[in-house]
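Student: Sending over a structure as structure tokens; questions will come in a sec.
Throughout, read-outs are computed from the coordinates displayed, never taken from laboratory work. Just so you know, these numbers come straight off a predicted model, no measurement behind them. Here the Cβ is made from the backbone with ideal geometry for all residues, glycine too, and neighbour counts use every protein chain on show.
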DNA sequence: CGTGTCGTTGAGGTCGCTCAACACCAGTGG
DNA sequence: CCACTGGTGTTGAGCGACCTCAACGACACG
């Protein structure tokens with residue numbers, strides 16, 4: 001089960017990006033495997049002491065934040081190659097919950113050792129900051145979606161972005177197997193589940209998607225872009 | 001105009017936190033002052049090449065993201081001691097706009113030199129990650145507000161949080177001098193300006209605030225907490 | 001088959017948006 | 001001194017996108 005970073009398919013997306021072969025071996029010595037988590041199991045909980053960053057190796061996770069009134073806000077969904085836990089670096093306590101959406105496995109990267117190692121490897125140091133920064137950029141886009149977009153655009157933007165992430169993982173970008181429930185998706189989008197359900201129906205009627213429970217096929221990328229509020233340049237709107 | 005980090009009042013909040021006196025001098029050699037910006041002037045624009053992180057020294061800034069349809073989303077407001085530019089570390093290009101809300105000054109911290117210096121100073125390295133992580137935590141809270149809170153709660157949460165930041169800066173926490181326009185505030189909260197205006201009126205009628213244009217006085221902190229959706233423990237709601 | 005979870009659909013209500021008018025203030029120029 | 005202007009903030013009326021509530025259908029699991 002334990003494999004080396006070198007042999008890992010996620011190599012280029014992950015921490016090892018842009019470090020040498022020698023250094024890769026040292027990193028391998030730090031990274032620990034972890035027994036797979038089942039659907040619904042927590043990787044860590046808000047308030048827990050921070051020790052490690054986690055890299056999704058297979059499956060998927062959601063991170064959530066609890067309001068003081070007990071509701072949850074889904075902050076993000078995390079696919080293989082993505083790193084979870086950066087919010088905990090601020091004061092060594094996890095600030096959100098991370099939960100497996102399906103049977104999933106992670107690499108456990110003890111931060112103290114990683115930081116120690118990074119001090120001598122500028123490339124790794126840089127990559128760490130880069131990934132933390134990407135988290136910020138991702139959140140900013142999420143914020144823009146929540147603040148300025150209406151329901152239809154939100155779902156379209158989400159599907160497009162998920163498709164893009166699938167492409168980066170060398171999965172078919174038009175065949176989305178949603179790991180999250182409608183409820184979790186709606187929550188992430190700042191909507192209620194009924195609205196999302198109606199949108200899937202509408203998108204199917206428009207010939208943009210083929211929906212079968214959690215299997216979504218994107219039929220018309222150009223129109224999906226339009227629905228996302230980004231009129232594709234090569235396809236003029238019929239109104240003009 | 002140019003002052004040292006050592007003499008700076010923001011010392012403890014900023015990058016120098018938890019580094020030694022010697023190291024502080026080295027940091028001083030890196031940091032460059034910059035001529036003050038007037039209200040409306042941009043510190044950097046989205047798409048610009050990233051060279052420096054900026055620390056707000058006086059005044060205040062907003063960061064914004066532009067949608068593809070040309071609208072803006074305000075991502076955050078930045079008070080003295082706060083650091084702007086972390087979103088640019090992902091690929092050395094600024095991913096948002098930063099604009100002065102009033103006459104303001106910043107410290108310019110060239111990142112290449114900072115990173116170089118940080119390699120030999122574990123405390124600084126750690127502090128850099130800490131601040132980046134705080135940015136993530138802040139965005140997560142903003143997201144929760146946008147996703148799960150209604151208008152009244154949003155404004156109350158914002159005012160409470162601003163008051164807290166004032167307290168950290170040793171300013172009176174009940175006397176808020178809002179540097180942003182109603183429009184910018186509404187945008188940040190994911191609302192329209194009319195809604196925010198009505199809320200200020202309502203909060204004043206409720207005896208929670210005293211509002212005079214951009215000068216806001218918090219009259220009743222406990223009730224503001226209630227409006228923020230956090231029933232204060234020592235003050236039971238009159239309904240029970 | 002019953003039970004529970006999840007997703008879909010319908011009917012009705014409401015919070016916040018849209019649109020429009022007006023108040024307030026500062027700056028400008030006669 | 002006042003009129004004029006533009007920017008900013010407030011208020012009112014009406015509407016609509018999304019939420020709420022409720023029922024039902026589909027599927028998994030015992």
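Student: Could you check how many percent of all C-alpha pairs in the protein assembly as shown are farther apart than 39 Å?
Tutor: Counting pairs separated by more than 39 Å, the tail of P(r) holds 26 percent.
Student: Report, in whole Å, the centroid distance computed from the Cα atoms of the range A:61-126 and the range B:79-104.
Tutor: Comparing the Cα centres of the range A:61-126 and the range B:79-104, I get a distance of 24 Å.
Student: Quick one: if the Förster radius is 35 Å, what FRET efficiency do residue B:168 and residue A:35 give, using the C-beta to C-beta distance and rounding to 0.05?
Tutor: 0.25
Student: As I understand it, the value is the acute angle between the Cα axis of helix B:151-168 and the longest principal axis of the Cα atoms of chain B; what does it come to in degrees, rounded to 10?
Tutor: 50 degrees
Student: With a Cα-only, solvent-free Debye model of chain B, what are the log10 I(q)/I(0) values at q = 0.07, 0.10, 0.13 Å⁻¹?
Tutor: Each listed q maps to, in turn, -0.26, -0.52, -0.86.
Student: Using alpha carbon centroids, what distance separates the range A:4-58 and the range B:6-34, in Å?
Tutor: 34 Å
Student: As a check on your grasp of the helix formula, calculate [θ] at 222 nm for chain A: sum -39500 (n - 2.57) over DSSP H runs of n ≥ 4, divide by the residue count, round to the nearest 500.
Tutor: It lands at -12000 deg cm²/dmol.
Student: Now for a separate question. Taking the Cα atoms of the range A:139-237 alone, what are Rg (to one decimal) and Dmax (as a whole number) in Å?
Tutor: Rg, Dmax (Cα atoms, Å): 12.8, 35.
Student: Using the alpha-carbon atoms, what tilt in degrees (0 to 90, nearest 10) does helix B:21-30 show relative to the longest principal axis of chain B?
Tutor: Compared with the principal axis, the helix lies near 90 degrees.
Student: How far, in nm to one decimal, is residue B:42 from itself in the other copies if the label point is set 7 angstrom along Cα toward Cβ? Shortest first, please.
Tutor: Once sorted, the set of distances for residue B:42 reads 4.4 nm.
Student: Now for a different question. Please work out the Kirkwood hydrodynamic radius for the range A:11-146, using every pair of different C-alpha atoms, and report it in angstroms with one decimal place.
Tutor: Over the range A:11-146, the inverse of the mean reciprocal pair distance is 15.5 Å.
Student: Label position 7 Å from Cα toward Cβ: report the copy-to-copy distances for residue A:212 in nm, one decimal, ordered from shortest.
Tutor: Taking the point 7 Å beyond Cα along Cα→Cβ, the inter-copy spacings are 6.9 nm.
Student: Moving to a separate point now. Give me the percent relative contact order of the range A:7-123, please, defined on Cα pairs under 8 angstrom at least 6 residues apart.
Tutor: After rounding, I find 38 percent.
Student: Using a Gaussian network for chain A with springs between C-alpha atoms less than 10 Å apart, which of these wobbles most: A:120, A:161, A:181?
Tutor: Looking only at A:120, A:161, A:181, the largest GNM fluctuation is found for A:120.
Student: A further question on this structure: Quick check: Cα centre of the range B:142-184 to Cα centre of the range A:156-185, how many Å?
Tutor: About 35 Å separates the Cα centre of the range B:142-184 from the one of the range A:156-185.
Student: With springs only between Cα atoms under 10 Å apart, run a GNM on chain A and tell me which of A:134, A:217, A:39 wobbles the most.
Tutor: Highest fluctuation among the options: A:134.
Student: Something else now. Relative to the other copies, what are the label-point distances for residue A:175, with labels 7 Å from Cα along the C-beta vector, expressed in nm at one decimal and sorted shortest first?
Tutor: Output for residue A:175: 6.7 nm, nearest copy listed first.
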